[in-house]
Amino acid sequence: MLASILPAFTTAFVTLFIVIDPILVTPIFASLTKGELPRERLRIAVMAALYSVAILLFFGLAGNALLHHLGVSFAAFRAAMGIILFIMGFRMFFDPDGETEAKTPGPRASARDSIAFFPLSIPMLAGPGAIATVMLLMGPGATLDHKLAALVAMILVLIIAVVTMGFASRIGDVLGRTGMNAITRILGMLLMALSTQYVFDGVRVGILEQAAAAG
């Protein structure tokens, strides 16, 4: 059983880690919580992670039923989300500073009673890319073991996000801007490769489904 779950868990973990990108969230979190006590920073980070688990779990379990209701095939969704993820990876690789700015909230987001949900949970931790990825990992064809592996991977990535946010100021000082950009570019390259595979799979399955329907 472990041998069958491990590959699914590894794929889910790598994909979600790249898409959620706790490293990219770190400097934004540090700027949003500047002046807060360490305990309050940790509380905000934990609340953001809990919100994100609820959001991603909802779309992982109910998102595909919503697609069916709208008349959108999962193959089409897989290909479309692959394109979106590729654009994210492209931007991360060629313009890491621009990707950071894209996830940086507006001035109203500094209210301490709301930043755990917006913008930390949405759009940084549980943004469109993460939602799409969870729907793909827990979509039709995924066994119960694979869905469980995706759930565990999602929770583990968000735990890592909480840890990195808890040490946000120290991590930013150690890596510096150059180090943060280098890591973001590496993650972007991996995301482009994974998203290209999603597009290939979506187109292939869609063509096979059309051929079967025509036959």
**Request:** May I ask you to work out the translational diffusion coefficient for region 117-158 at 10 °C, viscosity 1.306 mPa s, via Stokes-Einstein with Rh from the Kirkwood sum over Cα pairs, reported in whole µm²/s?
**Result:** 147
**Fill in**
A student asked for the Cα radius of gyration and Dmax of region 166-206 in angstrom ought to give 16.1, 47
**Prompt:** Given charges of +1 on the Cβ of Lys and Arg and -1 on the Cβ of Asp and Glu, with all other atoms neutral, how large is the dipole of region 1-85 about its Cα centre, in debye to the nearest 20?
**Reply:** 100
**Request:** Starting from the Cα coordinates of region 6-72, work out the convex hull volume and express it per residue in Å³.
**Result:** 129
**Asked** With the dipole of the chain worked out from charges on the C-beta (+1 for Lys and Arg, -1 for Asp and Glu) around the Cα centre, which of Gly139, Ser169, Leu66 lies farthest toward the positive end?
**Response** Ser169
**Prompt:** How large is the charge dipole for the chain, taken about the Cα centre, if only the Cβ atoms of Lys, Arg (+1) and Asp, Glu (-1) carry charge, to the nearest 20 debye?
**Reply:** 300
**Asked** To the nearest 10 degrees, how steep is helix 144-166 against the longest Cα principal axis of the chain, on a 0 to 90 scale?
**Response** 20
**Asked** How do 65-78, 121-134, 147-160, 175-188 rank on mean C-beta neighbours within 10 Å, highest first?
**Response** 121-134, 147-160, 175-188, 65-78
**Asked** Hull surface divided by four, with the convex hull built on the Cα atoms of region 147-215: how many nm²?
**Response** 6.5
**Prompt:** In Å, the Kirkwood hydrodynamic radius of the chain over pairs of distinct alpha carbons?
**Reply:** 17.9
**Request:** Evaluate the relative contact order of the chain (contact order divided by residue number), counting alpha-carbon pairs under 8 angstrom at least 6 apart; express in whole percent.
**Result:** 46
**Request:** Name the residues whose placed amide hydrogens come within less than 5 Å of the amide hydrogen of Thr33, ignoring near sequence neighbours (fewer than 5 apart) on the same chain.
**Result:** none
**Prompt:** Taking θ as phi - 60°, what are the ³J(HN,Hα) couplings along region 119-126 by the Karplus curve (6.51, -1.76, 1.60), each to the nearest whole Hz, with x for Gly and Pro?
**Reply:** x, 5, 6, 10, x, 7, 8, 10
**Asked** Most mobile of Thr33, Thr15, Thr143 per a Gaussian network model of the chain (Cα springs, under 10 Å)?
**Response** Thr143
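We did not get these values from a lab; they are worked out from the coordinates using the rules stated. Treat the numbers as computed from the prediction; the structure is a model and nothing was measured. Neighbour counts are summed over all protein chains in view; Cβ atoms, including those assigned to glycine, are modelled from backbone coordinates with ideal geometry.
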